[in-house]
Each structure stands twice: as structure tokens, then as C-alpha cells.
Amino acid sequence: MLQARLCLLLTAFVWGSTFVAQRLASDLVGPHTYNATRFLLGVLTVSPLLLFMKQSAPPQKARVSLLWISLLLGFLLFLGASLQQYAIAYTTASKAAFLTALYIVIVPILGLFIGQQLSLAALAGVFCSVVGAALLSLKESFVPSYGDGIILISTLFWALHIVLLSTVTKQYNPFKLALGQFLGCAFFSGLAALWSEPFSWQMIKDSWLFIAWGGVLSAGLGFTGQLLGQRKLPATQASLIMSLEIVFAGIMGYLILDERLNSQEIYGLIAMCLGVLLAQLPCPPQLYIGPLCRRKE
């Protein structure tokens, strides 16, 4: 359990720091090209682990082939990462991290549809987080910025990815699953780049450091750490640890990009953190609602 928590803590640090790389890369290369190249680099990063590390057989028998699960996970990664990378050019790295972390309260709600329950504390956490997101993204005119709105949409796909991963991660070799979803995301991102973006090797050369940062760290280490951590921890505990990317993104944004938050945005951050904590509080059985759908035994 300690190893799983350390894996997820490393994931949170890597993801938080990668928002800075994504923000800097957005000025140099298109979002789909960036994601296609960095997830291909993630494949190269994880491949040696698959070759040289022995893995025990998964404890559960897989119901769906690895190919289809990889494509589905890769497609969710593609949607989340593409929308996030596109929108980050219109907002700050810190705010993008804060709004992305809303998955911490979306995950329990989605869990209602796969046979899980939702506590009243988690419901209160949802409310606090929505208020916090509004304070972070709404300006004096009370109209969210363009980038903030796109980031919020991408958060739904990150939450779907976490929920799906929590149901399949024990059924497959984690390194094969990581390679499969990276290849799937790179494939969909490459198709989108060919269709919608100009390409030149000069763009890749100019942004190689940020591609390496996002590929080796965020994809190779971060998402693989998520896979290893979620094998041994419940989704709620895992998502709580991963939400520490908020803190790391704020620190890195301050140190590298000199980003500052005004008083309204600080109140929004406090409300979101309160929502995150409320969503994880234990409750007696009578304070749970759902599930909306019963699992078939």
C-alpha cells in the first residue's frame, strides 16, 4: 500500500509540473502534434519496463481484449489531453491544474452509474468545488474565459478515464495497458494533427524539451505510476493523492512562470481544496445515496 501511495504521489508531482511544460509548448507547436509526439515518447519510455520487469498474472480474468480496452483508454486520453492542451494557451498553468482537479469530485458521481454509492459529504464536496471553479474562472463580468470552459470539458474525460481504469487495472499487465493506451492516444492525436494542423520538423526541434518533459515524465512515469497505484488503492483514495497536482502546479507556476493568483482566485482555490477534502470524508451507512445502477453479480 505504501508503494502504491508513493507511485501516486510521484504521479501528482509529475502531472503538476507538466502543466508548465504544456503552457510553454502551446506557443510553439499544435496541441495534437504535441500530444502525438509526447505519447509516442511515452511508449519508448515504458517499453524497457515491459521487457525487463517480470509481472505476476493479473488477479482477475479480463472480460474484454487488451486491444479494445487500450483503444478506449487511448481515446479518453486523446479527448482529455487534446482539449486541455488546446485550452492551456488561453489560461494559466496554475488555473488549468486547479480546474482539471475537479475530477476528484466528478469521479464519485460517475461511480453511481457503475454500482457505487455517494456519501452526503462527497455531495457537499461537489458543491464546494463547483463554487471554487466558478471563483477561479469567472471574471468581473461573471463570464468564464474561453480557455477555462474548455478545461472544464476536458476534466470530464479525465474523470471517465479514472473510473474506467479503476475497473480494468487489475485485469491486465500494467505495462501492457500503459503501452496500449499511449499508442491509442498517439494514434488518435496523429490523425487529428494530420487533419487540422501544419507540421514542420522545426516546430518539433523548437519544442523538444517540452515534448520530452511531457513524454518521459507525464506520460511515461506519470500515467504508469497511476496504473500501478490504482491497482492497490480504491479510486477515491487514489484520486485524492493525485489531486495534489494542484499544489505542485501552483508551486511550479510560481517558480518558473511567475504566475500569481488574485484574491478571488485564492478563495476559489480554498473552496476547491475544501471540496476535495469533503469528498473523501468517511460517513455512516445512512448518509449514503445510490447506486443508480446495480452491478450484476
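The values are calculated or read from the model by the stated rules, or taken from the named source; none is laboratory data. Not measured: the values here are computed from a predicted model. All Cβ positions, glycine included, derive from the backbone under ideal geometry; neighbour counts span all protein chains shown. Note: accessible area is taken over every heavy atom of the protein model, side chains too, but ligands, DNA and RNA are not part of it. Shrake-Rupley method; radii C 1.70, N 1.55, O 1.52, S 1.80 Å.
Points to keep in mind about this one:
- For Tyr90: the one exception among (1) open to solvent by 10 Å² or more (accessible area, probe 1.4 Å); (2) within 23 Å of Gly184 (Cβ to Cβ); (3) not aliphatic (A, V, I, L, M): (2)
- Taking segment 254-281 as the range and being buried (at least 18 other Cβ atoms within 10 Å of the Cβ), assigned to a helix (DSSP H, G or I) and at pLDDT below 75 as the test, the residues that pass are Val276, Ala279, Gln280.
- Those helices (runs of 4 or more DSSP H) of segment 73-188 in which 2 or more residues are at pLDDT below 80 and touching an Asp or Glu at 6+ places or on another chain (Cβ under 7 Å) occupy 93-100, 120-137.
- Flag for Thr18 being at pLDDT 80 or above, hydroxyl-bearing (Ser, Thr, Tyr) and over 30 Å from Leu281 (Cβ atoms): no
- Single match in Gly149, Gly80 (criterion: in contact with a Leu (Cβ under 9 Å, 6 or more places away or on another chain) and open to solvent by less than 40 Å² (accessible area, probe 1.4 Å)): Gly80
- Candidate set from segment 197-226 (those that are open to solvent by less than 30 Å² (accessible area, probe 1.4 Å) and among the hydroxyl-bearing types (Ser, Thr, Tyr)); member that is farthest from the chain's Cα centre (by Cα): Ser207
- Unique match (being open to solvent by less than 10 Å² (accessible area, probe 1.4 Å) and over 30 Å from Ala271 (Cβ atoms)) among Gly229, Gly184: Gly184
- For Gln171: the one exception among (1) out of contact with any Lys or Arg (no Cβ under 8 Å at 6 or more places or on another chain); (2) of a type in the set (S, T, N, Q); (3) open to solvent by 20 Å² or more (accessible area, probe 1.4 Å): (1)
- Within segment 75-96, residues that are among the charged types (D, E, K, R) reach partners that are outside any helix (DSSP H, G or I) and open to solvent by 10 Å² or more (accessible area, probe 1.4 Å) with beta carbons closer than 9 Å, at six or more positions or on different chains, in the pairs Lys95/Ser145; Lys95/Glu259; Lys95/Leu261.
- Set Leu165, Leu177, Leu194: member being farther than 21 Å from Ser17 by Cα and within 14 Å of the chain's Cα centre (by Cα): Leu165
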